[in-house]
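Everything on this sheet refers to the single structure shown next.
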Amino acid sequence: MKKLVLALLVVAGCAASGVAAAELPSTALSAAGSAANAATQLRPAFLLTGALSRDSQDLSGQWTYSKDLYRTGLTDINGWVAKSRMQRYRDLDVATEEARGTTDFYEFDMDRGPRIAVPGAWNAATPEMRYYDGLVWFQRKFKAPAREGERAFLRFEAVNYKAYVYLNGKEIGRHEGGFTPFVLEVTDALKEGDNRLTVGVDSTHDAQSIPTFITDWDLYGGITRPVRLIRTPATFIDDATLTLKPDGRIAGEVRLQGAQAANQAVTVAIGALSTATARTDANGRAVFDIPAPAKLERWSPDSPKLYDVRFSAGGDTVRDRIGFRTIAVKGNQILLNGKPLFLRGISLHEEEFGPNPARNMTEQASRALLSEIKLGLNANYVRLSHYPHSETTVRLADEMGLLVWSEIPVYWTVDWENPAVLRKALAMQAETIYRDRNRAAVVLWSVGNETPVSPARTAFHGAMADNVRALDPTRLVSAALLVDRHKENGEDVTVIKDPLVDKLDVLAVNTYAGWYGNDTLDALPTLKWKVPADRPLILSEFGADALAGYRNDGMKKFTEEYQAQYYRKTLAMAEKIPTLRGLSPWILKDFQSPRREHPVFQDGWNRKGLVSETGARKQAFGVLSDYYRGKAGTAP
């Protein structure tokens, strides 16, 4: 199995760098593929980690769109090249061409198509698009005057699920993965006057996608996060990161791209506290390892201090707001800044309040959700399920003081033995880590959720855990595992029988006793757990459905009373687990899911939220809020 993991990692690293595994000598396959070596190959060509502080043009707004269920804009029958009359990405004014009266004709017109708001999922646009799953073309025009000596990039924060990007009729790149950013250089593709940006978005999932075609959340196809045209100098800062190490020193690096990247002086300023300098090597990389300023305030949920950090090099400057803290595990304790911590949290899907959410996570939409968690529930932690959430949400968690569990959607099951699928998982993982390394709030990288145990699955997850440690050894690794119940001395005992625990810093399990299965609510506090004593445990999920407003019907399922009592009894059970160091029940808000179709209670919504989709708090909200109020300030 170790050989399988090694081979998968090497293939992943080689593919990410554009080198086919078959082109490598056999000795490379057997000896060259440590996790660290493979991880270095996962760095995207461009990161622009300081993108939000750069000179940029927001391309949000009204775009036109065209459905393409049979994918005729990409391919014709038998896999042939798409017919020219179908190629929606052409730099063409169809109305003008039609007015000429030639023998040519077109079966598209992106300029006169219906309009849709970007960012946002198409599922919320019109009733006919509600369950559309396939290819949709998006277009908008923008002006971008030429600037001598500068470079230009398009940065997409997320396109779900596959993106085909064309500028002025020329393909400039593709990307797979619905929740992570990607950057494409367009310096030479821009032109004076109108530029025509066309993006084909394919929401289709299959057995080789991540996630696969079966989930418990909505499709949300589209350009779901902002798109920006970003300008940089010819030589620019592509990546800049700082972190507080356990020894109290601050470490980081800056990477330049461009012809003058080598031997450049680099300056890092942490607010008004400290300034340090270094010089780039031949590859444009400068490394910092400096004493922490004497007056440095550490970030914590109670005091989420962020510093304005400025990185400067070769005439380029980027800024970020960064908090400094340490996170570690000692025995069965989680230590934040060296002190024991209990994670008082909740799980969250990326879906704004409202009856027709479009996954448009504006600052206002994200703040409304996180405020319910931080202020309403008295929480200090949020599990961002089951995929990387928007940069807006993660930065707000930084600002508001909410610790974050982040994961990619290796969820339920994927094609465990396929190296190409592992490559996708590692690439998504790398894109997430590179985006969020400067966020003090992020303390846990999860490598999976509820995946059935098998040797191939465990090797897959093991490779992901190794990848995390190679890319970011400063944070903790976890996964939401399934539990097993069996008889010991005539009693039911819940245990973790998963070899993946050897790869994890923090154990986490999902349990739904009292909702799924035959356990009564009164039986929950008596359930016995037998878990490893040497590591902290999080109950990463537990929950029960309730329809907001459905009350006083004999403690039946789907009533608010049942859900509230479920929480009381499950929390009583949790109190008896000696290594328990955190909770993230399922879930803050009711969310859309095509799996949930009871016509009275669900109607396409998973109802396990503590608040309804429109923000009405259920009785269980108060139960958890009171429990966390009591937990605050007490030692784990």
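The values are calculated or read from the model by the stated rules, or taken from the named source; none is laboratory data. All of these numbers come straight from a predicted model, not from anything done at the bench. Glycine gets a Cβ as well: all are built from the backbone with ideal geometry, and neighbour counts include every protein chain shown.
Residue 143 is checked against (1) surrounded by fewer than 19 Cβ atoms within 10 Å (Cβ to Cβ); (2) more than 32 Å from the chain's Cα centre (by Cα) and fails just one. What number does that condition carry?
Among (1) surrounded by fewer than 19 Cβ atoms within 10 Å (Cβ to Cβ); (2) more than 32 Å from the chain's Cα centre (by Cα), residue 143 violates only (2).
Tell me which strands (runs of 3 or more DSSP E) are completely within region 170-264 and hold 1 or more residues being hydroxyl-bearing (Ser, Thr, Tyr), or say none if there are none.
Fully inside region 170-264 and qualifying: 194-202, 227-233, 236-244.
Out of curiosity, is residue 590 at pLDDT 95 or above, under 30 Å from residue 451 (Cβ atoms) and touching a Ser or Thr at 6+ places or on another chain (Cβ under 6 Å)?
yes
Please work out which one of (1) of a type in the set (Val, Ile, Thr); (2) in contact with a His (Cβ under 8 Å, 6 or more places away or on another chain); (3) without any contact (Cβ under 8 Å) to a residue 40 or more places away in the chain is the condition residue 212 fails and give its number.
(3)
List pairs: first residue in region 76-105 and free of Cβ contacts under 8 Å to residues at least 12 places away in the same chain, second residue among the aliphatic types (A, V, I, L, M) anywhere in the structure, Cβ distance under 6 angstrom, at least six positions apart or on different chains.
Note: pairs meeting the criteria are 76/82; 82/74.
Looking only at region 488-520, count how many residues are outside any loop (DSSP other than H, G, I, E, B) and crowded, with 17+ Cβ neighbours inside 10 Å.
8
Determine which single condition residue 519 fails, assuming it passes every other condition in (1) closer than 19 Å to residue 575 by Cβ; (2) out of contact with any strand residue (DSSP E or B) (no Cβ under 8 Å at 6 or more places or on another chain).
(2)
Taking the options 457, 485, 469, 437, name whichever one is surrounded by fewer than 22 Cβ atoms within 10 Å (Cβ to Cβ) and modelled with pLDDT under 95.
Going through 457, 485, 469, 437 in turn, the sole match is 485.
What pairs can you find where one residue is in region 613-636 and buried (at least 17 other Cβ atoms within 10 Å of the Cβ), the other is assigned to a helix (DSSP H, G or I) and among the aliphatic types (A, V, I, L, M), and their Cβ atoms are less than 7 Å apart, with a gap of 6+ or different chains?
619/564; 620/564; 623/564; 627/571
Filter region 400-437 down to residues that are part of a helix (DSSP H, G or I), touching a strand residue (DSSP E or B) at 6+ places or on another chain (Cβ under 9 Å), in contact (Cβ under 8 Å) with a residue 40 or more places away in the chain and of a type in the set (A, V, I, L, M), then give me how many there are.
Of the residues in region 400-437, 3 are part of a helix (DSSP H, G or I), touching a strand residue (DSSP E or B) at 6+ places or on another chain (Cβ under 9 Å), in contact (Cβ under 8 Å) with a residue 40 or more places away in the chain and of a type in the set (A, V, I, L, M).
Considering only residues that are among the polar types (S, T, N, Q) and part of a loop (DSSP other than H, G, I, E, B), which ones fall in region 346-399?
Across region 346-399, the qualifying residues are 356, 360, 362, 378, 380, 385, 390.
Could you say whether any residue in region 233-251 is under 30 Å from residue 356 (Cα atoms), among the acidic types (Asp, Glu) and in contact with a strand residue (DSSP E or B) (Cβ under 9 Å, 6 or more places away or on another chain)?
No, region 233-251 contains no residue that is under 30 Å from residue 356 (Cα atoms), among the acidic types (Asp, Glu) and in contact with a strand residue (DSSP E or B) (Cβ under 9 Å, 6 or more places away or on another chain).
Go through region 471-487 and give me each residue that's touching a residue at least 24 places away in the same chain (Cβ under 8 Å) and not in a strand (DSSP E or B).
471, 472, 474, 475, 482, 483
Strands (runs of 3 or more DSSP E) wholly in region 521-592 with at least 1 residues that are small (Gly, Ala, Ser) and under 28 Å from the mean Cα position of the chain (by Cα) - which ones?
Counting at least 1 such residues, we get 537-541, 580-583.
Among 241, 267, which is of a type in the set (Val, Ile, Thr), within 14 Å of residue 312 (Cα to Cα), in contact (Cβ under 8 Å) with a residue 60 or more places away in the chain and not assigned by TED's automatic domain parsing to the domain that holds residue 587?
The unique qualifying residue is 241.
Please state which one of 100, 90, 85 is surrounded by 10 or more Cβ atoms within 10 Å (Cβ to Cβ), over 34 Å from the mean Cα position of the chain (by Cα) and among the charged types (D, E, K, R).
Of 100, 90, 85, the one residue that is surrounded by 10 or more Cβ atoms within 10 Å (Cβ to Cβ), over 34 Å from the mean Cα position of the chain (by Cα) and among the charged types (D, E, K, R) is 85.
Can you list residue pairs whose Cβ atoms sit under 6 Å apart, with the first residue in region 162-185 being within 25 Å of residue 437 (Cα to Cα) and the second being part of a loop (DSSP other than H, G, I, E, B)? Count only pairs 6 or more apart in sequence or on different chains.
178/161; 179/158; 179/387; 179/388; 180/388; 181/157; 183/46; 183/48
List, please: which pairs have Cβ atoms under 9 Å, are six or more places apart or on different chains, and start with a residue in region 136-148 that is assigned by TED's automatic domain parsing to the domain that holds residue 219 and end with one that is exposed (fewer than 12 other Cβ atoms within 10 Å of the Cβ) and at pLDDT below 90?
143/192; 143/193; 144/192; 145/192; 146/192
With the checklist (1) surrounded by fewer than 18 Cβ atoms within 10 Å (Cβ to Cβ); (2) of a type outside the set (Gly, Ala, Ser); (3) at pLDDT 60 or above in hand, flag the one item residue 49 doesn't pass.
The number of the failed condition is (1).
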